[in-house]
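Below: the structure, in structure tokens.
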Amino acid sequence: MHGRTDAQPHGRTEAPAADYQPVFAGEGRKKLDAILAKYPAKAGALLPALWMVQEKHGWISPTGMAEVAEVLGLTAAYVKGVVTFYTMYHQHPVGRHFVQVCTTTPCNVCGAEKVGEAFLKATGAKRYGETSPDGQWTIVEVECLGACGFATPVMINDEFVESVTPESVPALVARYK
Amino acid sequence: MGFPHPTHPRENPVLSRHFGEAEARRYDGWVKRGGYRALEKALGMTRDQVIEEVKASGLRGRGGAGFPAGLKWSFMPKQKTKPHYLCCNADESEPGTFKDREIMRWTPHALIEGCAIAAYAIQAEQVYIYIRGEFTEPLQVMQAALDEVYAKGVLGANAMGKGVRIDVTIHRGAGAYICGEETALMNSIEGKRGNPRIRPPFPAAVGVFGCPTTINNVETLSSVPHILSKGGAWYKGLSLSNPKSTGTKLFSICGAIAKPGNYEVTMGFPLKELLYEVAGGMLPGRKLKAVIPGGSSVPILTAAEAEETLLDYEGCVAKGTMLGSGGMIVLDDTTDMVYQVMRLAKFYAHESCAQCTQCREGTAWTVKILQRLLNGEGRTEDLDLLLDLSEQMTGRTICVLSDSCAAPVVSAMKKFRPEFEAYLTKPASRT
Amino acid sequence: MSDLVKLTIEGREVEVPPGTSVLEAAKLVGVLIPHYCYHPGLPVAGSCRMCLVDLEKSPKPVPSCATPVAPGMVVKVYTEQAEAARRAVLEFLLINHPLDCPICDKSGECSLQDYTEQEGRSSGRYGDYAKRFNPVEDFGPDILYVPNRCVLCTRCVRFMEDVAQEATLNVEERGDRAHIGVFDGRPLDHPWSGNVVDICPVGSLLSKDFLNKARVWDFDRTASICPGCTQGCNIVLESRDNTVVRIKPRPNPAVNRWWMCDHGRLNYAWLNRSDRIEAPLIQRDGRLVPVDWDQALARFAEVIRSAKGPWVGLVSPGASCEALEAAARLLKAHGGSGAFRVTEGPEAPLPGVPDLALRKERAPNVNGALKAGFTRDWAAAVDAVGRAGLVLVLDEDLAGLAQPLPADRVVYVGTVLPEAARGAAVVLPCANMAEEEGTFENLRGIRQRYGQAKSPPGMARPAAWILGAILEAAGHTAGATA
């Protein structure tokens, strides 16, 4: 699972941050209201609302899930069930730069695994899913990113980078340092 | 266009004509290229006339199922007692497929226009375009294009001033291949886990939010403006082999091919020619070993079979595979078939929604058996076990993800069995 | 009824209303198709795939719980293909399911055991691959979740979402990592949540109350009615060694469908109390001494003869209709009447079912008492005690009475002897509701029978028997009901 290493014991959740800033207040509330207007039922705004939480906080904590549940009239357990289904929602903080390397078959036969290894080497992260010692990088293997003709595609945070090779990795990493 | 390569003379660039043209992404640029005239025309026809035109064209779903689009639209209730919805499936996650992203990032207005025409035809006032979460550029480009058309009054409460409401909203996915399955997509729009639904009821009766819904693929909808402009008969005439497969198709060619990209050819085009002539043939020094023509969920073809295949729905079925999404994965003689089948099984195991027992447990078990095989720890019984599990994973579940995991296993074992058997005697390899 | 659908299942013809599932139609002709996720009280999921059967017209097997009947449909449950399909589902479930039967509470009432026995392979082919492992989780006050045993049927999720209408449970994660979860800090404490343990087809959701307590094959099962409130949920008392060990709901479409609340389910310890009155007692030389029934009834007759003034009855709304009616007749014959009081608690509806709730009045037979002629005017009855010729108490705990009762004129018929009755002239031990057969009338006027699950202690007898014997001895048998 993205952002989740083997070190996380099953079922453990992070303690709610004492300084959690609500997402759906002020401008955030207005944005949510505009979204809600597009769906006949409040739950339709759930995925968009979760994106808003992740955009603001970098991940979706239990407190974030509870806030979303509250504003949409859903139970927190329901929201958690949805968050844990979709792999792009981070349930734990990730490094400052989150790298997703596609290694599914079309990219795999074009050397994607070597691209992933090059990222690990260039960033110092020891293995997939584990944040690098300087806290800056988390690299994960992901499934098909839908850019198979531009192997190997890589996402660095929200940036979609095409045609990455092991050789082009160090320069790419340097760009973010 | 064999984007990002120059258009090959044997291509038929209907959808892809303007790929790579930055100006085409903007409303003015698109209108200059003939855009939104089809929508204007459609809004002047009756809804039934629009449906008939699409039926006459023979357009079939380009997402993989190949269901006749006009027929699907006609399933919507004629008497509207509840809101109707159109969902555009832009979840493109089938390994090997990367055509919808190109349509969206180069010709967003083509998709918007197609959505608007379809919405009008099925009496839908709200369209949801479900774009997978990873497609950050298409998301941006599509939203910018939508903002433009709203500002211009092309969409909204009074679309093009014709007294019809057409609203289009982008719904961003969050990382789930299964949400490309039409009923899972609807659940995802409703804010649920992306679980496919049992049928009946079917979407045209009970879709999103309990209302009649039609779901169409990006490529399907983007074809609609051309059909309205040039006529269904024109589209029907674009057919090189079987008259039941008409129009053009974007083939996403990837893998060990010299010029990977999206190639648009008329239905029925010979696969051999597409591969060797249009897409530049194999990478230097490599030989064709296998082709998965329609995205990873369809049976694998040997090189010999592939070279005899005509690329339309019937042509692929005749060869024991399917056209699917047209995501063509080209595998060469350096490919370890066993390893790649394992990697595909891993994909399906990762993406299983967990509802059906066979899929939830079977995909993971398949991966384990293949990994052991690759590690030199396989047993003879494992090969038959894989086939037996695959049989029980086919046609037994709510959706076909389970079948999709079985397809490469079964076809690879049938056609490349010696490679599997070699692992039984080989010492430990990589996992 | 020309709009019924006629079809054939395993060669047997059946006619059912349109919309019926093949699985339900099959039940009517005695064909029980294995299933997990399906439950008649829950929305159809069709996901476990255990109920796959073959249709003549379909090349692939179909899920019978999610397939509506069609005219002329021919259903075959025991074809090679269908059996292979179901056998495969069982094998897939068992690859990660631990071999916990020897330590699992569900053993003996487990659908995975039962179906594997009926239709499964004798051994799996998973070999020595690692099984998925996750630790046991504490979901709430009474509920444990054992993820390793879970078959992901989602009955529990659908119950909480649709029937309890509080979605405290949900499936988390995807694929073979999926499991059921609660949100940290929001436990499964809904007043009807115990039902998820009933409907869990395997030993994944467990009741802490029942944990490791007993093997279900040792149980005697007795149809009964819940004594917890006026709803009158139909239940089963499960007992062993003359002790009630567990209560489960019994289906009744008109009263409680398939459900019962946690208050009723978990409140059975009082049925097993050991501090019971075990023999008839009469007051002699300032203390109560045990005697036999003949002596006790004879003493009672003496008390009656010396009684001057109308009788007063203080009765429990937990007594049977039969006992209450006999008591009322006895009181009336002596110019008296009686009253009851009932403990109250917060009402807790089950929103997904019309007219089903844990009722405010925490006794099973308030209506029985009212119909027998007793009133709610407890204060007036207590007031009249001072002038009464005889006070007949029927299993009331007499707690909180302002004045002590006039000892020599009290006849106490009950299960446990309260301090306030220590001076009674006669004490007659009666059975509690688990120790007798009788009826309760619920708040909607439905009179329901409950059965005897265990023997009453010592010489205790059903209250209706006791009062009947008194009526007979006092010559009031005319017009007595059976």
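Close Cβ contacts (under 7 Å, 6 or more residues apart or on different chains) running from residues in segment B:371-400 that are part of a helix (DSSP H, G or I) and buried (at least 20 other Cβ atoms within 10 Å of the Cβ) to residues that are modelled with pLDDT of 95 or more and of a type in the set (S, T, N, Q) comprise B:Leu386/B:Thr366; B:Leu389/B:Thr366; B:Gln392/B:Gln358.
For B:Gln340, state whether it is more than 10 Å from chain C (Cβ to nearest Cβ) and either buried (at least 19 other Cβ atoms within 10 Å of the Cβ) or under 19 Å from B:Ser93 (Cβ atoms) (or both).
Numbers: more than 10 Å from chain C (Cβ to nearest Cβ): yes; either buried (at least 19 other Cβ atoms within 10 Å of the Cβ) or under 19 Å from B:Ser93 (Cβ atoms) (or both): yes.
It is true that B:Gln340 is more than 10 Å from chain C (Cβ to nearest Cβ) and either buried (at least 19 other Cβ atoms within 10 Å of the Cβ) or under 19 Å from B:Ser93 (Cβ atoms) (or both).
Residues to consider are A:Val169, A:Val99; find the one that is in a strand (DSSP E or B), more than 21 Å from B:Tyr339 (Cβ to Cβ) and either touching a helix residue (DSSP H, G or I) at 6+ places or on another chain (Cβ under 6 Å) or among the hydroxyl-bearing types (Ser, Thr, Tyr) (or both).
Among A:Val169, A:Val99, only A:Val99 is in a strand (DSSP E or B), more than 21 Å from B:Tyr339 (Cβ to Cβ) and either touching a helix residue (DSSP H, G or I) at 6+ places or on another chain (Cβ under 6 Å) or among the hydroxyl-bearing types (Ser, Thr, Tyr) (or both).
Starting from residues that are buried (at least 24 other Cβ atoms within 10 Å of the Cβ) and outside any strand (DSSP E or B), keep the ones in segment C:47-60 and report whichever is farthest from the other protein chains (Cβ to nearest Cβ).
So in segment C:47-60, the residues buried (at least 24 other Cβ atoms within 10 Å of the Cβ) come out as C:47-53.
This time we only want the ones that are outside any strand (DSSP E or B), so: C:47-51.
Details: C:Ser47: 4, C:Cys48: 6, C:Arg49: 5, C:Met50: 7, C:Cys51: 11 Å.
Among those that are buried (at least 24 other Cβ atoms within 10 Å of the Cβ) and outside any strand (DSSP E or B), it is C:Cys51.
For segment A:78-99, residues that are among the aromatic types (Phe, Trp, Tyr) and more than 8 Å from chain C (Cβ to nearest Cβ) total 3.
Quick check on my filter: what residues within segment B:324-337 are facing another protein chain (nearest Cβ under 8 Å), buried (at least 24 other Cβ atoms within 10 Å of the Cβ) and either over 19 Å from B:Leu283 (Cα atoms) or among the β-branched types (Val, Ile, Thr) (or both)? If the condition is that a residue be facing another protein chain (nearest Cβ under 8 Å), buried (at least 24 other Cβ atoms within 10 Å of the Cβ) and either over 19 Å from B:Leu283 (Cα atoms) or among the β-branched types (Val, Ile, Thr) (or both), then B:Ile329 is the only one that fits. Note on segment C:309-356: residues that are surrounded by fewer than 19 Cβ atoms within 10 Å (Cβ to Cβ) and either out of contact with any helix residue (DSSP H, G or I) (no Cβ under 9 Å at 6 or more places or on another chain) or not assigned by TED's automatic domain parsing to the domain that holds C:Leu405 (or both) amount to 9. Residues in segment C:163-178: is at least one crowded, with 17+ Cβ neighbours inside 10 Å, at positive phi and more than 33 Å from the chain's Cα centre (by Cα)? Yes.
For C:Glu172, state whether it is closer than 22 Å to B:Gln355 by Cβ and either more than 13 Å from every other protein chain (Cβ to nearest Cβ) or modelled with pLDDT of 95 or more (or both). So C:Glu172 passes the test.
Evaluating B:Asn262 against the criteria (1) more than 14 Å from every other protein chain (Cβ to nearest Cβ); (2) part of a strand (DSSP E or B); (3) among the polar types (S, T, N, Q) leaves one unmet condition, (1). The residue list B:Gly294, B:Gly326, B:Gly315, B:Gly281 contains one member that is in the same structural domain as B:Ile253 (by TED's automatic domain parsing) and more than 23 Å from B:Gly58 (Cβ to Cβ), which is B:Gly281.
Tell me, please, whether a residue that is over 23 Å from B:Ser252 (Cβ atoms), β-branched (Val, Ile, Thr) and assigned to a helix (DSSP H, G or I) can be found in segment B:129-141. No, segment B:129-141 contains no residue that is over 23 Å from B:Ser252 (Cβ atoms), β-branched (Val, Ile, Thr) and assigned to a helix (DSSP H, G or I).
One residue stands out in segment A:141-158 among those that are within 7 Å of chain B (Cβ to nearest Cβ) and part of a loop (DSSP other than H, G, I, E, B): the one that is modelled with the lowest pLDDT, namely A:Asp158.
Looking at C:Ala473, C:Ala480, C:Ala453, C:Ala460, which one is in contact with an Asp or Glu (Cβ under 9 Å, 6 or more places away or on another chain), modelled with pLDDT under 95 and either in the same structural domain as C:Arg305 (by TED's automatic domain parsing) or over 12 Å from C:Ala319 (Cα atoms) (or both)?
Numbers: C:Ala473 fails: in contact with an Asp or Glu (Cβ under 9 Å, 6 or more places away or on another chain); C:Ala453 fails: modelled with pLDDT under 95; C:Ala460 fails: modelled with pLDDT under 95.
C:Ala480 is the lone residue from the list that is in contact with an Asp or Glu (Cβ under 9 Å, 6 or more places away or on another chain), modelled with pLDDT under 95 and either in the same structural domain as C:Arg305 (by TED's automatic domain parsing) or over 12 Å from C:Ala319 (Cα atoms) (or both).
Just for segment B:123-142: of the residues that are polar (S, T, N, Q) and within 8 Å of chain A (Cβ to nearest Cβ), which one is farthest from B:His84 (Cα to Cα)?
Result: B:Thr136.
Results for (1) of a type in the set (Val, Ile, Thr); (2) surrounded by 18 or more Cβ atoms within 10 Å (Cβ to Cβ), shown as yes or no for each residue.
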position	(1), (2)
C:Gly185	no, no
C:His190	no, yes
C:Leu205	no, yes
C:Asp220	no, no
C:Cys226	no, yes
C:Arg246	no, yes
C:Val255	yes, yes
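Which one is nearest to B:Glu351 (Cα to Cα), of the residues in segment A:35-77 that are within 14 Å of chain C (Cβ to nearest Cβ) and within 14 Å of the chain's Cα centre (by Cα)? Here the residue is A:Ile60.
Looking at B:Met45, B:Met1, which is the one that is at pLDDT below 95, farther than 28 Å from B:Ala176 by Cβ and hydrophobic (A, V, I, L, M, F, W, C)? The match here is B:Met1. Is there a residue being small (Gly, Ala, Ser), out of contact with any Lys or Arg (no Cβ under 7 Å at 6 or more places or on another chain) and either assigned to a helix (DSSP H, G or I) or not assigned by TED's automatic domain parsing to the domain that holds A:Ser163 (or both) anywhere in segment A:70-93? Checking segment A:70-93: not a single residue is small (Gly, Ala, Ser), out of contact with any Lys or Arg (no Cβ under 7 Å at 6 or more places or on another chain) and either assigned to a helix (DSSP H, G or I) or not assigned by TED's automatic domain parsing to the domain that holds A:Ser163 (or both).
The values are calculated or read from the model by the stated rules, or taken from the named source; none is laboratory data. None of the values given here were measured: they were computed from a predicted structure. As a convention, Cβ positions derive from the backbone with ideal geometry for all residues, glycine included, and neighbour counts pool all protein chains shown.
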